[in-house]
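To start, the structure under review is shown below, and the notes come after it.
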Amino acid sequence: MKKKYYKFKKYALFAMLLYTAFYGYSQTTESTLKGKLIDETTQAPLVGATVYIKGTKIAVQTDENGAFELKTVKEFPFTLSVNYVGYQNKEIEIYEEDQNIEFKVRSRLALNEVVVTAIGLESERKSITYSLTEIKGKDIIQAREPNITTALSGKIAGVQVQNSGGSPGGSSDVRIRGNTSVLASNAPLYVLDGVPIDNSIQDILPISNSLSLATPSNRAIDINQDDIETMTVLKGPAAAALYGIRASNGAIVITTKRGSSVTNKKLTINLNTSLSVEEPNRRFQPRQTKFSNGINGNYVAPGLAGSDENWGASLDTLTYSNTPSSFYKGGQIVGKSNPNSNGVPIESFDNLKNFFVNGITQNHNISVASKVDKAGYYLSAGKLYQTGIVPTTDFYRNTFRFNGDYDVTDKLKVQAGVNFINSGANNRALMGGFNTNVLRALYNSPPNFDITNGLSDPANNPDSYLLPPTASRPWGDSRSYANGIGWDSPYWSLNQNPQKDNVDRWIGFAQTDYKILPWLTATFRAGLDNYRDIRKGGFGRGTSGVAAGVVNDINYVRKDINTDFILQANKDLSPDFNLNVIVGHNYYDSYRYQSNVRGDGLVVNRLYSVNNASTVQAFDQTINRRLVAVYGNAQIGYRKYAFLNITGRNEWSSTLPVGSNSFFYPSIGGTFVFSEAFKLENNWFSSGKIRGTFAQVGKDASPYALETYYSNLSSGGWIQSSVQGPFNGQSTLNYGSNGTNTLGNLKLKPETVTTYEIGGEVKFFKNRLGIDAVYYEIHSKDQIIPVAIPASSGSSNIVSNTGEVSNKGIELAVTATPVQIKDFSWDVTGIYYANRSKVEALAPGLNNIALEGAFVNSSAVVGQPFGVLYGVDYKRNDAGKYLIDDNKFLADGTTPNSNYGYYIVDPSPKALADPNPLFNASLRNALTYKWITLSFLLDTRYGFAIHNAPKLQAIFNGVAKETEDRGTTGVLDGVRASDGATNDIEVVKSQAFYRGTFGVPGYAVERDLHWLKLRDISLTFALPSNWLSPLKISNASLTLSARNIILSTNYTGSDPDLGTRTGLSNGLGNDFWTTPNTKSYGAALNVTF
Amino acid sequence: MKTKKINIIALTLSTLLIMLTGCELEKVNINPDAAVTAPNSSLLTSAQANLAFSIGVHSILTNTYIQHFSGANGDAAPNDSYKINATYFNAVWNSVYTNSLAELDIIKKQGVDQNSPYYVGIAKILTAYAYGELTDQFGDIPRSEALKGAEIKTPKFDTQESVYAFINQELDDAIVELSKPASTFKGVPPSSDDVIYRGNAANWIAAAYTLKARYALHTSKFNAATAASKAIDALYSGSTFRAIANNANDLQLNFGASVTNSNPYFQQQTFRPNWVGLGRSFVNLLNGNSVTDAPTKAETAPVDPRRAAFATQNPTASGRYRGAIAGIPGAFSLIGPFYATNTSPVIFTSFVEAKFIEAEARLILGEQAAAQAALTAAVTASFNKVITGAAAADTNATPAKRTKYLATKATLTGNNFDKDLETIITQKYIALFTNAEVFVDYRRTGHPALVPAVGGTSALNPNGLIPRRLPYPASEQINNPNTPIANYQTPRLWWDGN
């Protein structure tokens, strides 16, 4: 019947067109467009909404049946838009045949929204019993971050992102509701189209760890944002009970675009291109500019002992001389009174300013989508190329994706997708604590030394860093202020020590859904994530600390296979009761293998091949893990306002001993939509629900933790040196696994993480104001930890079940549409979250486990927040003020006290400060006027501590700005130890005093920090369709954006929104020579045909 | 319809069962790249290489205290004035226990099971040596309950006296094991896997006697004559010298050319250039000056013939050598080619040391002529050992200069005990460069008369003097509640008396 009607309409239209053609375009032709606006989920008509033709002033309101009738003279095709409070803006294109349309829109805030939840199933939002946040693909793109993990910053309550600085391709790490595990990973599971994928950060194995310290990527960086339809963050184990162990820290569920969801046309082509320019977003650590390199107040020429320090002479006492120097264009540096002096005062150089360059990020994407009948496909290609603010560094990513879906019959549906990614870097900057660290080398270069050597492109001109060959150094010497005994020139490191990596990755899935009965569906899904990561790190001859040159070849392969078999039944048991049951089986197998070769002693310099090495060592490692599970989920709904959700999962893990390797964990949750139950909806109160969940999840051990294995000798000295087997051609075996002297434990049992969560959502003013609040507690116990035992027992660690960590927190999200008029809308989203963690217990007799650190450790300390900064500090009073030694004499009463007037060292290490923030908050504003949208995100973190390790070293080496007052007399800030009175003892701020602070790393811990940043701001022009339709373009937009352009903080270092080099450990709050974060300005163009 | 449903359910369940049973979870968890058993040969190489490396690294700390070395930069700087962070001892303490003693313990057990007495004997000598190094620096240490891993996680600390008794017993037992004729046992004897002596049992026995003499003399503060007699008894069987009898048989490990097999001093200077150099006291002696002279003082003839082997010039190619004053960072010579080449040895004990032990013991026993003979032999052996390669071309190393040096610096008065002891110990201080044994000698005899570091006073070292012992490593303090709590650097050890 209906079909016929359409047909009739079509003929009528055809007739009309003929009519139009006959009489020509000079005559205006009016057409009438009839349609109905309905809620996509509930199918209910929407009353009083504005429907308008995009780019025109033609608009009409829907009537009490949701119907509208629009008269227009506009040519087809055109774009029809809808604007309705509480609903997402939606546009559809109107062709000739679409004259009576059902215009479906999705609720923006309402509880009726459909969301993707665990194992790829869709649920009605109101039935969800736990915390879940969905982000649209376009919001991910808006962040203009190549790394989807970084793009989550400031967007979700309870989700804290730590990045590793502004290196292209640098890793980024997410914590959802804090850290639950002391030593195991606390990262959430990434799920792509229902298939878990790898997001590990792979560092290099011990064979080369001491040298290769480039910042690696986290593998979620391989996902192209433009392919993402939605990203759902499931917080905590409650949300992820159905994904099992790997989701015990939450899950990030990504759904990519399908042909049938992107378009309803035969062919839609989307082109998207963006370009942005990056620069450091904040100054570096402030450094002194008054003194030369040297020691004890004397300038020291390159290569001599002391030249690697910045305790030299005041610059204005130095001149050039007539003796030529390959380090100084003006000649060797001498004192003014030196007979060799030519009287020319030395120049001062701003090396920090001269070093950084503009980074450029280009991102190009093309996608083709189609929907024909029951089949749809989506095909895309993306190319990202990024150059860094550190010259010569870069990152690239080329992605291809094909997704197809086909409804074979009414009962059988198949879909599959395949994604190929090629990503990597041609050069990454070396980080870490060694002499090859590019940024340390830069920062330590004194003002009297010009790292650029006066060249315009020093990074690519060997004359800036390489000295002519000599008999003893035929490969050429390092042109740096310390000439090989301290840090090399940063340009040397970038050119002579290239760090490359290249990943080829395939991610694929295939899924079949079969409707066995109207209420029973069977689904089988299989997924594969397979990649190889080939890295090469070279160190040229003459590199400081690597005199003979080194090459590291790393071959890493990972293959994860995941299958799910799911039966889903959904039946109304009675008019009031609905039952939805899922039963599933999951199989997961992960295989990792790396084979690394290190060659020492390069025969031909800068030929970075193991063939070219004098000695070669090899290392390999296999890590295999398998999990099998059966799981179930039952949801009982009563009258669509009360829901009870019960899940259970039994897991079999390969990593636990037979007998303990099978474990079960449950969850139970309830939701009550009180607004529907009591019919409370009115003009100002729209909806409300409360929910609560209790959930548990078990965790298994690392592979091979049961037995004690022998391993090749690997023993470290106290400064970087080590001895490793084989030794002089003889094999070596050492008792204890992986060179860590760890004893296995055949009695391990699973860890347990338990969560309680209670929350509620209320909406007001026709959903224009929504508040979502959650309180949660997470307790993790029986953690599987390699517990340190005294070395005198013959081993360093034994893997044990021990320890308990708790996290408690609140999350608050407010969404509002303060203004919504015909041409203008203003949307606001604010989030606030605070987490309090506590290490409740470790092993008996063990109160402290160091997680990560240099000088000051981020540690798990019983009774303290997770990751507390722990180390040696000066003595302080209860108010945090330093105590000043006011004893003029030593205990004998006659010997003068050399420490009189200075701080007093407290030699026993203590918990110093909490690196966890008191809270995080952010505010997104989006203002739309006609076809222009302005959006910006303010993001803040408040009340945390950082150990500023660069500052500690900079003070020691005389580089820090604060050492500029060296030699002057002053009074240290503090109180007298004996009576607590304000200190008034004058002392000399000598080299010895400043160097002494190095032994007291707590001195560089900064407390009560905060930052506030404008994380992103963008202005989007969605071009009016009447401009575009003559060009056969359905959509076009231009976006101007900027990232991180405003930063306000009280931190004395660079950007405090910094993680660690790799994000590999669970440590927090250590600033340790990472690349500064960047700010960027860019433009993006998006065109859809 | 109903049958169909049942069929589907049956099919599903059977599929699940098949998937479950086919997974062989236990097999997945077997590490394909590591073994759970190890042959004695690989354990022995591992224990030896680690022990030599660890004591080499460790001596950078101890011998900074007695001013062989000087720390100038980074983590090495605080060592210079005894403000050492207790975590720096973790590496050495931990690796001696876990990477050498634990393996030696397994070798001893497997050696008995396999009837391989030479492995047992060698393991016992190295065990005795390792405990000796630990106790001479830390005092009381875990021994009787140590190395029991899973059973005893927090071993008690044994007194230094009982550790000394164990060391002697272990050395005696080792000599018995190594004296068994090779034809009588089943196990394959050690050969190239013994990277010290290549399985030569006679050399090991000589080394055991040398160590017995060393530990006997360490107790000289209790009763010098008894200690000296015991030392002589260890060195001699009647009139036959049975300790290490020539430089070629020294108990030492030569490191390798590959970076991860190279000498710890070489690695120190390569990876952290200029962090550690030489101390004023040592370089002054090489320069022919007194330990208390200014480091810039011009050299005084006779200059030590070994100077170019032990030290590098500072400034480069200047012909001059200087050390840094403890506690004040400054320009210094670096460790010279004999010890700081990648293939340089770390010396456990030596012919040179045996002769110095004899010289001191003879002096104590009043045998002046024998003392002088032993001293001359010791210094001459030291010359012969270290003056090689480019250092042999040094103008101070000619035979005539060596003779002059011996006459001026290594000649005893024959009637002034204190002066002669000072001469012997000072010469030993030079000859045993890098060896922590000189830290023991300093504490026993007070020679050479070192000037404590500038700014050496700290909470852990309140009197500012040269420490008498090392703090227990932070890791042991944290993980073993039996660790004695004390003011770590000033209390004297058992044999150090008052």
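The values are calculated or read from the model by the stated rules, or taken from the named source; none is laboratory data. For clarity, every value in this text was computed on a predicted model and none was experimentally measured. Every residue, glycine among them, receives a Cβ derived from its backbone with ideal geometry; neighbour counts consider all protein chains shown.
Tallying residues that are at pLDDT 95 or above, farther than 30 Å from A:A613 by Cα and polar (S, T, N, Q) within the stretch B:238-261 yields 4.
Taking the criterion of being assigned to a loop (DSSP other than H, G, I, E, B) and within 8 Å of chain A (Cβ to nearest Cβ), the residues of the stretch B:35-86 that qualify are B:V36, B:T37, B:A38, B:P39, B:A72, B:N73, B:K83, B:N85.
Which of the residues that make up the stretch A:650-665 are in contact (Cβ under 8 Å) with a residue 60 or more places away in the chain and not in a loop (DSSP other than H, G, I, E, B)? The answer is A:E651, A:S653, A:F663, A:Y665. Residues that are touching a Gly at 6+ places or on another chain (Cβ under 6 Å) and within 12 Å of another protein chain (Cβ to nearest Cβ) within the stretch A:800-816 are absent altogether. Scanning the stretch B:466-489 for residues that are under 23 Å from the mean Cα position of the chain (by Cα) and more than 22 Å from B:A146 (Cα to Cα) gives B:I466, B:P467, B:R468, B:Q489.
In the stretch A:770-819, the qualifying residues are those that are assigned to a strand (DSSP E or B), charged (D, E, K, R) and over 26 Å from the mean Cα position of the chain (by Cα), and the one that is nearest to A:V697 (Cα to Cα) is A:K781. Taking the numbered list (1) within 35 Å of the chain's Cα centre (by Cα); (2) under 17 Å from B:T260 (Cα atoms) in turn, A:N734 passes all entries but (1). Where strands (runs of 3 or more DSSP E) fall wholly inside the stretch A:256-337, the ranges with 3 or more residues that are among the hydrophobic types (A, V, I, L, M, F, W, C) are A:268-280. Each residue in the stretch B:264-318 was checked for being in contact (Cβ under 8 Å) with a residue 60 or more places away in the chain, of a type in the set (S, T, N, Q), crowded, with 24+ Cβ neighbours inside 10 Å and more than 13 Å from chain A (Cβ to nearest Cβ), and 1 of them qualify.
Provide a single number: the residues in the stretch A:1006-1027 that are among the hydrophobic types (A, V, I, L, M, F, W, C) and part of a helix (DSSP H, G or I). So the answer is 1.
For B:S350, the conditions (1) among the polar types (S, T, N, Q); (2) within 14 Å of another protein chain (Cβ to nearest Cβ); (3) crowded, with 20+ Cβ neighbours inside 10 Å all hold with the exception of (2).
Across the stretch A:600-618, which residue is nearest to B:A35 (Cα to Cα) among those that are of a type outside the set (V, I, T) and within 9 Å of another protein chain (Cβ to nearest Cβ)? Filtering first and then ranking leaves A:Q617. Residues in the stretch A:956-986 that are farther than 17 Å from A:G294 by Cα and within 14 Å of chain B (Cβ to nearest Cβ): A:A977 only. Number of residues in the stretch A:563-608 that are within 30 Å of A:I636 (Cβ to Cβ) and in contact with a Ser or Thr (Cβ under 9 Å, 6 or more places away or on another chain): the value is 15. Could you please find all residues in the stretch A:345-382 being within 30 Å of A:I333 (Cα to Cα), of a type in the set (F, W, Y) and outside any loop (DSSP other than H, G, I, E, B)? Within the stretch A:345-382, just A:F355 meets the criteria.
Exactly one residue among A:V868, A:V839 is surrounded by 20 or more Cβ atoms within 10 Å (Cβ to Cβ), within 24 Å of the chain's Cα centre (by Cα) and within 30 Å of B:N482 (Cβ to Cβ), and that residue is A:V868. Checked against the criterion of being in a strand (DSSP E or B) and crowded, with 24+ Cβ neighbours inside 10 Å, the stretch A:234-244 contains one or more residues that satisfy it.
The residues on offer are A:A701, A:A642, and the sole one that is aliphatic (A, V, I, L, M), within 14 Å of chain B (Cβ to nearest Cβ), under 30 Å from A:N586 (Cβ atoms) and in contact (Cβ under 8 Å) with a residue 24 or more places away in the chain is A:A701.
Within the set A:N354, A:N358, the sole residue that is at negative phi, surrounded by fewer than 20 Cβ atoms within 10 Å (Cβ to Cβ) and in contact with a Ser or Thr (Cβ under 8 Å, 6 or more places away or on another chain) turns out to be A:N354. Residues of the stretch A:383-400 being buried (at least 21 other Cβ atoms within 10 Å of the Cβ) and closer than 19 Å to A:N1086 by Cα, which ones? A:L384, A:T399 - these are the residues of the stretch A:383-400 that are buried (at least 21 other Cβ atoms within 10 Å of the Cβ) and closer than 19 Å to A:N1086 by Cα. Applying the criterion of at least 1 residues that are more than 30 Å from A:D488 (Cα to Cα) to the helices (runs of 4 or more DSSP H) found wholly in the stretch B:249-367 leaves B:280-286, B:307-310, B:351-364.
Taking first residues from the stretch B:409-430 that are at pLDDT below 95 and partners that are assigned to a helix (DSSP H, G or I) and of a type in the set (S, T, N, Q), the Cβ contacts under 7 Å between residues at least 6 apart in sequence or on separate chains come to B:G414/B:Q368.
From the list A:N586, A:N580, A:N596, the one residue that fits, being within 14 Å of chain B (Cβ to nearest Cβ), crowded, with 18+ Cβ neighbours inside 10 Å and farther than 30 Å from A:S721 by Cα, is A:N586. For the stretch A:602-616, a residue qualifies if it is at pLDDT 90 or above and in contact with a strand residue (DSSP E or B) (Cβ under 7 Å, 6 or more places away or on another chain), and the qualifying residues are A:L602, A:V603, A:Y608, A:S609, A:V610, A:N612, A:A613.
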